[in-house]
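What follows is a short report on a single structure.
The values are calculated or read from the model by the stated rules, or taken from the named source; none is laboratory data. Quantities reported herein were computed from a predicted structural model and do not represent experimental measurements. Here the Cβ positions follow ideal geometry from the backbone for every residue, glycine too, while neighbour counts run over all protein chains shown. Remember, those area values only see protein heavy atoms, side chains included, never the ligands or the DNA or RNA. Shrake-Rupley method; radii C 1.70, N 1.55, O 1.52, S 1.80 Å.
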Amino acid sequence: MSEHAHGTEGLHVPEHVTWAAVAGRVRGLVGEAFTDDGPANLVDGQWQAVGTPTEQISPNDGSSLGTMLKVDSATATDAVQRAARTHRSWAATDLDERRRKVSASLDTIEGARDDLALLLAWEIGKPWKAACSDVDRCISGVRWYVEEIEGMLSRDVEGAPAKRVALEGPVSNIASWNYPMSVQVHAELVQLLAGNGVVAKTPTQGGWMTLTVAHALMAREGLPVTLLSGDGSELSDALIRSPEIGALAFVGGRSNGGKVAAQLADTGKRHMLEQEGLNSWGIWEFSDWESFSEILQKGFEYAKQRCTAYPRFVVQRGLVDQFLATYMPVLDGVRFGHPLAVEAGGDGLDDLPALDFGPLISAGKAEELDESVAEALRHGAVPLYRGRRDSGRFLPGQDTSAYHAPVSMLAPPGASRLMHEEPFGPVDSIVVVDTEAELLAQMNASNGSLVASIASDDTGKAERLAEQVQAFKVGINKLRSRGDKDEAFGGRGESWKGAFVGGEYLVHAVTEGPPGENLYGNFPGYHRYPAT
């Protein structure tokens, strides 16, 4: 059921950042990518008005953003076959030419940076600063690869001289909606640098317009990219099992990741499946609460809708009072609301609000979080903090059904989803422990995660404990994140399947090295981890 805000008198969306204004500008920039109703699908270098129209809704205020054209399985299969032919000619293209075309694409993306960020603000509700960061990290990250790619294609995973070549077919990319530029487009451009054609699917929730504009700019420079919109259930055979596909890059939750892994099981395809995990902070024999307060505040960026967010705190019993004295004021100070609503008289991009987060990706996700919280409370969790949605910063009368205020619970029971699953929203859980063994057991509750951290005055003990935490990266008194440029990224346990990425590991993942090479990653026959 939709909710509407009383709002703050005088708040408004400046004319030049309205959806109509931004959509009009990008249509003028890449008109070839649009039909009368909205973005088309990119097949074999041509934009095609094929597919079933489906309305897209902004989580900011429930308004319509236009129409996504969802293609069917036959269209996707044909697109993959065409991409495979283009892949072969691209793989034979000189590296300097590939670098030139990727660099030219980055130049045009950088020229559209502000409008790409505004698209992200409307499509997935990112506050301005976070939206700009998503675009900027894509650009700066790929520019680093342009400089480093020659060396990366000249050695094996052990660092010995060896020639790496493109895969036998294009790389298929299926990513979640939360980081269209810094994760999906970034990965695609590196795959292209390495000599591979690219097939990409737009998320069904958010990011389809942003990806359309980015891929139109890439296609203009002659990069072999295919972009399709559609439901995963309809397109999965074409994008995962097609014999022409050389590798699959997937970013998403464990449920969908498990289905993808099952489809891949008998294909032997190269794959990189990034899945969720319950990332945890362990707090043991710790006293630097002033620094920890800043870490907690940063942790609420983008409503914890990140694969490296920390929704679980495992706290030594004797420190609970000090932890809560630091933590509760942070919850009170979290700022959320419409990411593009400015005060009266403020009409510039610099006037856009500095928020911790805007909406969740949809009203349905906000409702799902409410149900998870209610379930945990029914089974015995203790409510520590339940923020009010109406405390957000909203336009008068706007739909607020996709927003969710911060929530924190003590001791979610084992019967509740929140004990073992990542909420992917601003819902924290706190578990109290008495022994180091309990600390480790609770930090490892989800059978593997992408990141974790331990806060302790005794860094030596923290490092020893970290060795037993089932996370790919473990921070000591600091957050860990996906990282940029040469930093490796992967997961332990069920949080990752296949080759790791980041730095040269990403290039290794999408190229062939010497026969018998063992990549870093989690594979059915072995697990191999780099130093992190």
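Which condition number in (1) under 30 Å from Gly111 (Cα atoms); (2) surrounded by fewer than 23 Cβ atoms within 10 Å (Cβ to Cβ); (3) more than 19 Å from the chain's Cα centre (by Cα) is the one that Ser236 fails?
Unmet condition: (1).
Name the single residue, out of those in the stretch 371-425 being more than 29 Å from Leu11 (Cα to Cα), touching a residue at least 60 places away in the same chain (Cβ under 8 Å) and touching a Phe, Trp or Tyr at 6+ places or on another chain (Cβ under 9 Å), that is least open to solvent (accessible area, probe 1.4 Å).
Ranking the candidates gives Ser408 first.
Filter the stretch 321-343 down to the residues that are over 16 Å from Trp281 (Cβ atoms) and β-branched (Val, Ile, Thr), then identify the one that is least open to solvent (accessible area, probe 1.4 Å).
Out of the qualifying residues, it is Val342.
Is at least one residue of the stretch 403-421 modelled with pLDDT of 95 or more and farther than 22 Å from Leu324 by Cβ?
yes
Which residues, taken from the stretch 18-48, are in contact (Cβ under 8 Å) with a residue 12 or more places away in the chain, hydrophobic (A, V, I, L, M, F, W, C) and loosely packed, with under 14 Cβ neighbours inside 10 Å?
Across the stretch 18-48, there are no qualifying residues.
Can you spot a residue in the stretch 75-89 that is of a type in the set (Asp, Glu), surrounded by fewer than 21 Cβ atoms within 10 Å (Cβ to Cβ), part of a helix (DSSP H, G or I) and on the phi < 0 side of the Ramachandran plot?
Yes, the stretch 75-89 contains at least one residue that is of a type in the set (Asp, Glu), surrounded by fewer than 21 Cβ atoms within 10 Å (Cβ to Cβ), part of a helix (DSSP H, G or I) and on the phi < 0 side of the Ramachandran plot.
If we keep just the residues of the stretch 246-273 that are touching a residue at least 40 places away in the same chain (Cβ under 8 Å) and basic (Lys, Arg), which is surrounded by the most Cβ atoms within 10 Å (Cβ to Cβ)?
Step by step, filter the stretch 246-273, then rank; the result is Arg270.
Of the residues Ala471, Ala437, only one is modelled with pLDDT of 95 or more and either surrounded by fewer than 16 Cβ atoms within 10 Å (Cβ to Cβ) or closer than 16 Å to Trp284 by Cα (or both); which?
When all the criteria are applied, what remains is Ala437.
Any residue in the stretch 136-164 that is farther than 19 Å from Ala92 by Cβ sitting within a Cβ distance under 6 Å of a residue that is polar (S, T, N, Q)? List the pairs, counting only those 6 or more apart or interchain.
Qualifying pairs under 6 Å: Arg137/Ser182; Cys138/Ser182; Val146/Ser103.
Can you give me the number of residues within the stretch 160-208 that are open to solvent by 10 Å² or more (accessible area, probe 1.4 Å) and part of a helix (DSSP H, G or I)?
Qualifying residue count, the stretch 160-208: 4.
Within the stretch 467-478, identify whether any single residue is over 30 Å from Arg143 (Cβ atoms) and among the hydrophobic types (A, V, I, L, M, F, W, C), and answer yes or no.
Yes, the stretch 467-478 has at least one match.
Among the candidates Ser103, Ser64, Ser58, which residue alone is in contact (Cβ under 8 Å) with a residue 60 or more places away in the chain and polar (S, T, N, Q)?
Ser58
So which residues in the stretch 274-298 are surrounded by 15 or more Cβ atoms within 10 Å (Cβ to Cβ) and over 20 Å from Asn444 (Cβ atoms)?
Within the stretch 274-298, Trp289, Phe292, Ser293, Ile295, Leu296, Gln297 qualify.
Scan Gly38, Gly62 and give me the residue that is modelled with pLDDT under 95 and on the phi > 0 side of the Ramachandran plot.
Gly38
Report, ordered by the first and then the second residue, all pairs with beta carbons closer than 6 Å, sequence separation of six or more or different chains, a first member in the stretch 438-458 that is farther than 30 Å from Ala499 by Cβ and assigned to a strand (DSSP E or B), and a second member that is modelled with pLDDT of 95 or more and not hydrophobic (A, V, I, L, M, F, W, C).
Pairs found: Ala455/Asn477.
Just for the stretch 130-159: of the residues that are crowded, with 17+ Cβ neighbours inside 10 Å and hydroxyl-bearing (Ser, Thr, Tyr), which one is nearest to the chain's Cα centre (by Cα)?
Ser133
Glu55 versus (1) of a type outside the set (Gly, Ala, Ser); (2) buried (at least 21 other Cβ atoms within 10 Å of the Cβ); (3) touching a strand residue (DSSP E or B) at 6+ places or on another chain (Cβ under 7 Å): which is the lone unmet condition?
(2)
What about Glu494, is it acidic (Asp, Glu), out of contact with any His (no Cβ under 9 Å at 6 or more places or on another chain), open to solvent by 10 Å² or more (accessible area, probe 1.4 Å) and under 21 Å from Gly258 (Cα atoms)?
yes
Report whether or not Gly448 is open to solvent by less than 10 Å² (accessible area, probe 1.4 Å) and either under 30 Å from Asn196 (Cβ atoms) or within 18 Å of the chain's Cα centre (by Cα) (or both).
Here the answer is yes, as Gly448 does meet what is asked.
Any residue at all in the stretch 271-289 that's part of a helix (DSSP H, G or I) and either in contact with a Lys or Arg (Cβ under 6 Å, 6 or more places away or on another chain) or over 16 Å from Leu450 (Cβ atoms) (or both)?
Yes, the stretch 271-289 has at least one match.
Failed condition for Ala117, given (1) under 30 Å from Ala238 (Cα atoms); (2) within 20 Å of the chain's Cα centre (by Cα), with all others met?
Single failed check for Ala117: (1).
Which condition breaks for Lys485 when tested against (1) under 20 Å from Arg528 (Cα atoms); (2) not in a helix (DSSP H, G or I)?
Just one mismatch for Lys485, condition (1).
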